[in-house]
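The values are calculated or read from the model by the stated rules, or taken from the named source; none is laboratory data. Everything numeric here is computed off the predicted structure, so don't read it as measured data. Note: ideal-geometry Cβ built from the backbone for every residue, glycine included; neighbour counts use all protein chains shown. With ligands, DNA and RNA removed, areas are computed over all heavy atoms of the protein, side chains included. Shrake-Rupley method; radii C 1.70, N 1.55, O 1.52, S 1.80 Å.
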Amino acid sequence: NKIKEEIMNLHTAVYEKFNYEMRYIRPPMGEFSERALELTKSLGYRTTMWSFAYEDWDENKQGREEYAMKLITNNYHNGSIMLLHAVSKDNANILQKVISDAREKGYEFKSLEELYNSGIKRGIMTGFTNIDNRTGGLKESELIILAARPAMGKSAFALNIATYVAKHEKIPVL
């Protein structure tokens with residue numbers, strides 16, 4: 001299986017270079033299939049998605065520190081996993097402000113291991129990567145309103161979320 005071979009080659013390279021056993025994995029660009037999720041789980045990995053990322057990797061889009069600060073600080077939430085690329089000069093310049101701001105607002109910084117073992121609920125994943133990445137999943141304290149014109153696919157969308165939740169999150173749905 002080519003996917004398994006690529007994952008194990010990556011695992012070996014990371015271990016040989018950094019003496020670190022990988023436990024977490026994110027599919028490239030957040031795109032995945034049920035088969036890929038089952039495979040990574042069978043290899044002992046926990047699939048983890050970012051709840052926030054932006055185009056900070058683009059070196060031609062630097063010099064927007066105020067924009068970056070606003071974007072990052074407006075996307076904090078409990079259990080969030082933020083991806084900030086090291087190539088971004090903006091991130092490097094505002095990182096201390098971001099950390100201070102988050103701490104002032106009562107957020108703590110933890111490793112993935114601590115996050116997963118802390119009991120912080122990231123929310124129920126919907127299976128729609130863009131939604132899950134932006135929201136951290138569906139949470140009990142939130143009201144979600146799904147609105148659109150007639151015949152736009154609202155029912156199909158909701159049924160797909162319900163199917164994913166029942167099948168992958170193992171939560172009964174009505």
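Before moving on, here are some points about what is shown:
- Within the stretch 1-93, GluC sites (Glu not before Pro) in DSSP loop having at most 13 other beta-carbon neighbours inside 10 Å: Glu21, Glu31
- Highest to lowest packing among 146-155, 159-168, scored as the average C-beta count within 10 Å: 159-168, 146-155
- Of the cross-linked pairs Lys4/Lys167; Lys139/Lys167; Lys4/Lys139; Lys17/Lys110, those separated by over 28 Å at the C-alpha level are Lys4/Lys139.
- Over the chain: Kirkwood hydrodynamic radius from C-alpha pairwise inverse distances, Å: 18.5 Å
- 1.4 Å probe accessible area per residue over the chain, in Å²: 72 Å²
- Just so you know, the Rg over Rh for the stretch 30-102 is 1.09, from Cα atoms, with Rh as the Kirkwood radius.
- Length-normalised contact order for the stretch 55-148 - Cα pairs under 8 Å, 6+ apart - percent: 26 percent
- Helical content alone sets the calculated 222 nm signal of the chain at -14000 deg cm²/dmol, taking -39,500 (n - 2.57) per DSSP H segment of four or more residues and averaging over every residue.
- Dipole check for the stretch 81-174: with +1 at the C-beta of Lys and Arg, -1 at the C-beta of Asp and Glu, and the Cα centre as origin, the magnitude is about 280 Debye.
- FRET E, pair Met8, Asp58, Förster distance 35 Å, beta-carbon r, rounded to 0.05: 0.65
- Leading residue at positive end of dipole, the chain (Cβ point charges), from Ala162, Leu138, Leu71: Ala162
- Note on Glu113 and Glu65: the extension gain reaches 14.2 nm, defined as 0.36 nm multiplied by sequence separation minus the Cα-Cα distance.
- Here r is the Cβ-Cβ distance between Ala151 and Ala36 and R0 is 25 Å; the resulting FRET efficiency, rounded to 0.05, is 0.15.
- Taking the protein heavy atoms of the stretch 68-127 in the context of the full set of protein chains, the accessible area attributed to carbon and sulfur is 50 percent at 1.4 Å.
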